[in-house]
Amino acid sequence: MTYQVFDTSLRDGAQREGISYSVVDKLAVARLLDELGVTFIEGGWPGAMPKDTEFFARARTELSLRNAQLVAFGSTRKAGVGVKEDAQVRALLDAQTPAVCLVAKSDVRHVERALRTTLDENLAMVRDTVAFFVAEGRRVFLDCEHFFDGFRFDAAYTASVAATALEAGAEVAVMCDTNGGMLPSMVTRAVGDVAQRLATLLGTTPEEAVRRLGIHCQNDTSCAVANTIAAVEAGVRHFQCTANGYGERPGNADLFATVANLQLKLGLPVLPEGGLEKMVRVSHAIAEIANLAPDTHQAYVGAAAFAHKAGLHASAIKVDPVLYNHIDPSVVGNDMKILVTEMAGRASIELKSRELGVDLAGHPETAARVTNRVKQLEAEGWSFEAADASFELLVRAELGETPVPFSLESYRVIVEHREDGAVVSEATVKVRVRGERVIATAEGNGPVNALDMALRQALSRHYPRIAGFELSDYKVRILEGSHGTGAVTRVLVETVDSDGRDWTTVGVHENVVEASWHALVDALTYGAALAPAQPVG
Ligand SMILES: CC(=O)SCCNC(=O)CCNC(=O)[C@H](O)C(C)(C)COP(=O)(O)OP(=O)(O)OC[C@H]1O[C@@H](n2cnc3c(N)ncnc32)[C@H](O)[C@@H]1OP(=O)(O)O
Ligand SMILES: CC(=O)C(=O)O
């Protein structure tokens, strides 16, 4: 039994607000989808926009697809226009793809009010256009717009649109939930009814009829994936989705969740061997090309899809990860991670420490002390969830292993607003490094930048690697006071070294400069410990 994974990221997915692919972007997305192993890639609407016309022209020489066939999208001929005279049909033909997907009206109200034509002419538009492309040797799919709404309003007419397309040679008539208002139970019922009607019209059995149907779900009820699965469970074998669920309004059925559910939960052979493991990489790469931040909480592929925060989860995971994961994350190319927060228990601390290379298995008292310390600090506004480096330093401190590259005598920062409008920050730090007293002064474009420069200058003679560190991100959050205290500032600092390694540290204080200082000290302490101090020549 074969399934058709029809990806429409480059057509319907591009209809999402905020996405504007270049032709080069589209070619790159097509390559990624092909690598994943989808059956069809709908590349766009040639003739509707120059970019899509160019995409198909360049695809002929620049894309060599191994798994997928390229599909060009367009509408049936216009009402009252001969198929061969229709400019849009011509552009679709000129795209020279092995398959085309035609959109047709299948709801009486749309035919009469949007197309402003007769019901018979609409059927003729479907018949003529499908037959034309079949005669030209193309595989043809028909997207029946507003199929489910139309079927509820006038089942006989909507079914006749699908039957007309199939009789004219279309491979599949796709039931589109264009307005995205369906629920899974409604889809299940409708597919059964459609199959019955279609069987009568085509003179086949309902089982044969359902295999010539496809499903395309918009996500307006947040049920697009569930609706797609309901249709497949009802016998449909062609399903349309988009990478990361991108699409018009709230989007379409997410390709990754749909495919993983069908393959891992229902055991259906959907992607070729090895496809599932590429999902995380392909999902994130497409997000990057779309210029959208990957959704951390996306099912299966999000960075937090297997992130565990609750202490009780971690305590069971310590026994066996299977106890709190619905699948092995590596099957879809993802990883499990343990988060350390105020919700952590000793098991979370032990697992997280192990992830960072610190073994607390033989140190139950240390794990308990770290747990209490984390809870206490989080109550004061600290957050270790995104600051692994500060957490590791805290654990090592409890184990008596903290590297201490320097001790602070004092620091001072001034911000000077000059007559010409220039604002200059200057910091001086006085520290002891391996027995030597070092005083360093530096200017920066702000007080934190000046402090960072001065501290790095003070340490870099003993720790030359520090000169190659860069403060790559700096986030400040003002936290409302709790338990009768005033507001505090939390600072997260991300540092990157010349080898591309990065780490994040945290600092909290009522004063933003002091909070930043804590985060900077952790950043340099952690970074210095990555490579031991070198002798000063
Ligand atoms: C449900 C979906 O998402 S389907 C995909 C929708 N995607 C897009 O619309 C994106 C690309 N679209 C476009 O670039 C433009 O809308 C075009 C080039 C297709 C058409 O542009 P225009 O010619 O300026 O027409 P406009 O968009 O205003 O109206 C659409 C026309 O197509 C007709 N039409 C709509 N659906 C169909 C259909 N299935 N078959 C034939 N004609 C159709 C409409 O009746 C209307 O005709 P009219 O111009 O005679 O009134
Ligand atoms: C064709 C399509 O994208 C829809 O009906 O939603």
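The values are calculated or read from the model by the stated rules, or taken from the named source; none is laboratory data. This structure is a prediction, so every number in the text was calculated from the model and none was measured. So basically every Cβ, Gly included, is an ideal-geometry build from the backbone, and we count neighbours across all protein chains shown. Heads up: the accessible areas ignore ligands, DNA and RNA and are worked out on the full protein's heavy atoms, side chains in. Shrake-Rupley method; radii C 1.70, N 1.55, O 1.52, S 1.80 Å.
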*Could you run through the range 66-76 and say how many residues are open to solvent by less than 50 Å² (accessible area, probe 1.4 Å) and either assigned to a loop (DSSP other than H, G, I, E, B) or away from ligand 2 (no atom under 16 Å from the Cβ) (or both)?*
3
*Any idea which of (1) part of a strand (DSSP E or B); (2) touching a Pro at 6+ places or on another chain (Cβ under 7 Å) is the one Ala195 doesn't satisfy?*
(1)
*Residues in the range 355-365: is at least one open to solvent by 10 Å² or more (accessible area, probe 1.4 Å), in a helix (DSSP H, G or I) and closer than 12 Å to Asp388 by Cα?*
yes
*The lone exception for Val225 - which of (1) of a type in the set (A, V, I, L, M); (2) open to solvent by 10 Å² or more (accessible area, probe 1.4 Å); (3) away from ligand 2 (no atom under 16 Å from the Cβ) it fails*: (3)
*What number of residues in the range 147-174 are within 15 Å of Gly214 (Cβ to Cβ) and either open to solvent by 10 Å² or more (accessible area, probe 1.4 Å) or in a helix (DSSP H, G or I) (or both)?*
11
*Name the one entry in Asp34, Asp107 that is closer than 27 Å to Leu213 by Cα, charged (D, E, K, R) and within 16 Å of ligand 2 (Cβ to nearest atom).*
Asp107
*Hey, any hits in the range 190-203 for a residue that's within 16 Å of ligand 2 (Cβ to nearest atom), open to solvent by 10 Å² or more (accessible area, probe 1.4 Å), at pLDDT 95 or above and in contact with an Asp or Glu (Cβ under 9 Å, 6 or more places away or on another chain)?*
no
_What's the total number of residues in the range 109-146 that are hydroxyl-bearing (Ser, Thr, Tyr), open to solvent by less than 50 Å² (accessible area, probe 1.4 Å) and not in a helix (DSSP H, G or I)?_
1
*Among the residues of the range 330-351, how many are farther than 29 Å from Ala379 by Cβ, open to solvent by 10 Å² or more (accessible area, probe 1.4 Å) and of a type outside the set (Asp, Glu)?*
4
*Residues that are crowded, with 22+ Cβ neighbours inside 10 Å and either in a loop (DSSP other than H, G, I, E, B) or touching a Cys at 6+ places or on another chain (Cβ under 7 Å) (or both), drawn from the range 87-99*: Ala95, Thr97
*From Val174, Val108, which residue is within 37 Å of the chain's Cα centre (by Cα) and assigned by TED's automatic domain parsing to the domain that holds Gly44?*
Val174
_Here is a list: Ala162, Ala114, Ala104. Which entry is touching a Ser or Thr at 6+ places or on another chain (Cβ under 8 Å) and within 12 Å of ligand 1 (Cβ to nearest atom)?_
Ala104
*On the given criteria, is Arg212 among the basic types (Lys, Arg), more than 16 Å from ligand 2 (Cβ to nearest atom) and free of Cβ contacts under 8 Å to residues at least 60 places away in the same chain?*
yes
*If you scan the range 228-267, which residues turn out to be surrounded by fewer than 18 Cβ atoms within 10 Å (Cβ to Cβ), farther than 23 Å from Pro206 by Cβ and of a type in the set (A, V, I, L, M)?*
Leu264
*asked:* Just checking, does the range 138-155 include any residue being more than 20 Å from Cys101 (Cβ to Cβ), hydrophobic (A, V, I, L, M, F, W, C) and away from ligand 2 (no atom under 14 Å from the Cβ)?
replied: yes
*Given the residues Ala57, Ala79, which is the only one that is within 11 Å of ligand 1 (Cβ to nearest atom) and surrounded by fewer than 24 Cβ atoms within 10 Å (Cβ to Cβ)?*
Ala79
*asked:* Being assigned to a loop (DSSP other than H, G, I, E, B), touching a Ser or Thr at 6+ places or on another chain (Cβ under 8 Å) and either more than 13 Å from ligand 1 (Cβ to nearest atom) or over 25 Å from Ala260 (Cα atoms) (or both) is true for just one of Gly47, Gly18. Which residue is that?
replied: Gly47
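Listed here are the residues, each with its yes/no results for (1) touching a Cys at 6+ places or on another chain (Cβ under 9 Å); (2) more than 15 Å from ligand 1 (Cβ to nearest atom).
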position	(1), (2)
Glu233	no, yes
Thr242	no, no
Tyr246	no, no
Val259	yes, yes
Leu264	no, yes
Pro272	no, yes
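Let's see how each residue does on (1) part of a loop (DSSP other than H, G, I, E, B); (2) polar (S, T, N, Q); (3) touching a strand residue (DSSP E or B) at 6+ places or on another chain (Cβ under 7 Å); (4) in contact (Cβ under 8 Å) with a residue 60 or more places away in the chain:
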residue: Ser222; (1), (2), (3), (4): yes, yes, no, no
residue: Ala226; (1), (2), (3), (4): no, no, no, no
residue: Ile229; (1), (2), (3), (4): no, no, no, no
residue: Pro250; (1), (2), (3), (4): yes, no, no, yes
residue: Ala260; (1), (2), (3), (4): no, no, no, yes
residue: Val270; (1), (2), (3), (4): yes, no, yes, yes
residue: Glu277; (1), (2), (3), (4): no, no, no, no
residue: Val280; (1), (2), (3), (4): no, no, no, no
*Looking at Val29, Val5, which is the one that is under 11 Å from Leu255 (Cβ atoms) and either over 19 Å from the mean Cα position of the chain (by Cα) or surrounded by 18 or more Cβ atoms within 10 Å (Cβ to Cβ) (or both)?*
Val5
